[in-house]
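**Student:** Have a look at the structure that comes next, please.
The values are calculated or read from the model by the stated rules, or taken from the named source; none is laboratory data. Computed from a prediction, not measured in an experiment: that's the story for all the values here. Because the Cβ atoms are built from the backbone with ideal geometry, glycine has one as well, and the counts that use them run over all protein chains shown. Accessible surface is based on the protein model in full, side chains and every heavy atom, while ligands, DNA and RNA are left aside. Shrake-Rupley method; radii C 1.70, N 1.55, O 1.52, S 1.80 Å.
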Amino acid sequence: FKAPTRDHPALYRDLLRTNRVHWIAEEPPAELVREKMMECHFRFRHQMALVPCVLTLNQDGSVWVTLVKPARAITPGQFAVFYKGDECLGSGKILRMGPSVYTLQQGKNREESPKKEEIDKIEPAT
């Protein structure tokens, strides 16, 4: 798929799944085991800014990563690296992604006609 523009909604996603995460200090963090969910930050490119997210632990040791704000150009095969403050918690290879912002918009548009001002409100991730 080639998007028509660099900031096309088809390039943005807010949900992804990793393979089994390699945790550095605790395997997996106690909070994640206890609550089955944990707020932290992640990045999938070396120099990118950290993105707030919520991890949901799966029985096989993989995690679903739900981003607070959709991120651009996440690709299977990249590694999601998780942080709590300055501490690197661990990483997992990205296996699957949830629907794009574009796909989600299309679903909404079928229910009601799109309002341009709503589409304009979606901010590109930086």
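**Student:** List the residues whose amide H sits under 5 Å from the amide H of ILE24, counting only those 5 or more places along or on another chain, with H placed 1.01 Å from N in the peptide plane.
**Tutor:** GLY90
**Student:** While we're looking at this one, here's another question. Could you give the radius of gyration (one decimal) and Dmax (whole number) of the Cα atoms in segment 4-82, in Å?
**Tutor:** 13.1, 44
**Student:** Please give the FRET efficiency for GLN106 paired with GLN47, using the beta carbon to beta carbon distance and R0 = 41 Å, rounded to the nearest 0.05.
**Tutor:** Working from the Cβ atoms, E equals 0.80.
**Student:** If I model a spin label at LEU95 and GLN78 as a point 7 Å from the Cα along the Cα→Cβ vector, what separation in nanometres do I get?
**Tutor:** 1.9 nm
**Student:** Here's a follow-up. Mind checking the per residue accessible area of segment 9-104 for me, 1.4 Å probe, whole number of Å²?
**Tutor:** On the way: 5140 Å² over 96 residues.
With all protein chains present, segment 9-104 gives 54 Å² per residue.
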